[in-house]
Amino acid sequence: MIQVNDLRFTYPGAAKRTLHGLDFAIGHGEVFGFLGPSGAGKSTTQKILIGALKQYEGSVKVMGKEIRDIGPDYYEHIGVAFEFPNFYTKFTALENLRMFQSLYDSRTEDPMDLLIKVGLGEAAHLKVSQLSKGMKMRLNFCRTLLHNPNILFLDEPTSGLDPVNAKIMKDLILEKKAAGTTILITTHHMLAAEELCDRVAFIVDGQIKLIDSPRALKLKQGQRKLRVEYLNGQEKAVEEFTIEGIGENERLLHLLKKYPIETIHSLEATLEQIFIDVTGRSLE
């Protein structure tokens with residue numbers, strides 16, 4: 001669905017390039033995550049992919065067409081949700097969606113049904129000026145889904161959401177993935193990326209440092225060990241064991257039989273720690 005080769009970009013008047021030869025591809029129905037700190041080039045890449053910035057170097061093809069050559073019909077096929085959404089604040093949530101619905105030629109979803117899906121059914125007739133940031137984020141997601149796009153571009157999709165509403169959003173994203181929608185997420189929230197993405201790309205200073213699935217990265221970068229916490233009398237004790245031959249480890253079997261076990265964990269690395277190790281940068 002998306003093929004990018006040697007993508008370079010410099011903002012007009014800037015002394016330095018923002019993007020330095022990015023190469024990546026995103027398949028049909030894949031959830032792909034761009035992970036990196038602020039200023040890494042995530043948003044610039046997304047703006048190029050949605051056609052907002054066309055003075056780039058290299059090749060950027062979406063659904064087989066070079067972005068430089070796209071026409072207005074491109075926007076019938078993509079949905080875009082920026083982190084800081086803009087709406088008509090004197091309109092209600094439902095009025096906003098109906099106005100945006102009128103801009104599309106393709107078949108659209110029922111705006112009220114979308115509001116109910118994201119938990120905004122009771123807020124449908126509130127003016128946007130009365131909504132919290134989290135409510136606006138959910139309304140923005142509704143706007144993104146109105147026309148059943150083939151590709152979703154989501155910028156920090158769980159930003160400003162409490163755990164309950166963040167889960168609603170994640171479930172809807174995975175529902176769209178299951179229906180065959182291709183999704184590109186830009187974020188610096190590693191947990192959301194780990195839960196949603198089939199593959200992630202680490203981007204720092206306009207360069208991709210690594211691309212792989214979260215699971216593969218955690219297995220490659222983590223320790224092949226098992227940590228067991230147990231009670232020895234009134235004291236908590238901790239021991240670690242290598243995973244190789246774990247089923248025949250006599251000491252481990254002894255602990256499991258003799259002591260009350262509190263927790264058992266494999267020592268795979270977190271995505272955040274892998275990012276720091278690979279790039280030498282934090283996500284802040």
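The values are calculated or read from the model by the stated rules, or taken from the named source; none is laboratory data. These numbers come from a predicted model, not from an experiment. FYI the Cβ positions are ideal-geometry reconstructions off the backbone, even for glycines, and counts take in every protein chain you see. Ligands, DNA and RNA are excluded from the accessible area calculation, which covers all protein heavy atoms including side chains. Shrake-Rupley method; radii C 1.70, N 1.55, O 1.52, S 1.80 Å.
In segment 267-284, the residues that are at positive phi reach residues that are at pLDDT 80 or above and not in a helix (DSSP H, G or I) with C-beta atoms within less than 9 angstrom, at least six apart or across chains, in these pairs: 280/204.
Scanning for something in contact with a strand residue (DSSP E or B) (Cβ under 6 Å, 6 or more places away or on another chain) and assigned to a helix (DSSP H, G or I), does segment 62-73 turn up at least one residue? Yes, segment 62-73 contains at least one residue that is in contact with a strand residue (DSSP E or B) (Cβ under 6 Å, 6 or more places away or on another chain) and assigned to a helix (DSSP H, G or I).
Take residue 204 and decide whether it is in contact with a Lys or Arg (Cβ under 8 Å, 6 or more places away or on another chain), surrounded by fewer than 17 Cβ atoms within 10 Å (Cβ to Cβ) and either of a type in the set (A, V, I, L, M) or at pLDDT 95 or above (or both).
On the way: in contact with a Lys or Arg (Cβ under 8 Å, 6 or more places away or on another chain): yes; surrounded by fewer than 17 Cβ atoms within 10 Å (Cβ to Cβ): no; either of a type in the set (A, V, I, L, M) or at pLDDT 95 or above (or both): yes.
So residue 204 does not fit the description; no.
Summed over segment 210-255, residues that are open to solvent by less than 50 Å² (accessible area, probe 1.4 Å), free of Cβ contacts under 8 Å to residues at least 24 places away in the same chain and within 29 Å of the chain's Cα centre (by Cα) total 3. Can you confirm whether residue 66 is under 20 Å from residue 148 (Cα atoms) and surrounded by fewer than 21 Cβ atoms within 10 Å (Cβ to Cβ)? When the stated conditions are applied, residue 66 does not pass them. Checked against (1) farther than 30 Å from residue 127 by Cβ; (2) modelled with pLDDT under 95; (3) part of a strand (DSSP E or B), residue 3 passes all but condition (2). Of everything in segment 6-24 that's not polar (S, T, N, Q) and not in a strand (DSSP E or B), which residue is nearest to residue 207 (Cα to Cα)? Among residues in segment 6-24 that are not polar (S, T, N, Q) and not in a strand (DSSP E or B), the one nearest to residue 207 (Cα to Cα) is 17. Restricting attention to segment 81-97, the residues that are open to solvent by 80 Å² or more (accessible area, probe 1.4 Å) and farther than 18 Å from residue 116 by Cβ total 6.
Checking each residue in segment 41-60 for being in contact with a Phe, Trp or Tyr (Cβ under 6 Å, 6 or more places away or on another chain), among the hydrophobic types (A, V, I, L, M, F, W, C) and within 20 Å of residue 202 (Cβ to Cβ) picks out only 48.
Tell me whether segment 37-49 contains one or more residues that are more than 29 Å from residue 214 (Cβ to Cβ), open to solvent by 50 Å² or more (accessible area, probe 1.4 Å), of a type outside the set (Gly, Ala, Ser) and modelled with pLDDT under 95. Within segment 37-49, not a single residue is more than 29 Å from residue 214 (Cβ to Cβ), open to solvent by 50 Å² or more (accessible area, probe 1.4 Å), of a type outside the set (Gly, Ala, Ser) and modelled with pLDDT under 95.
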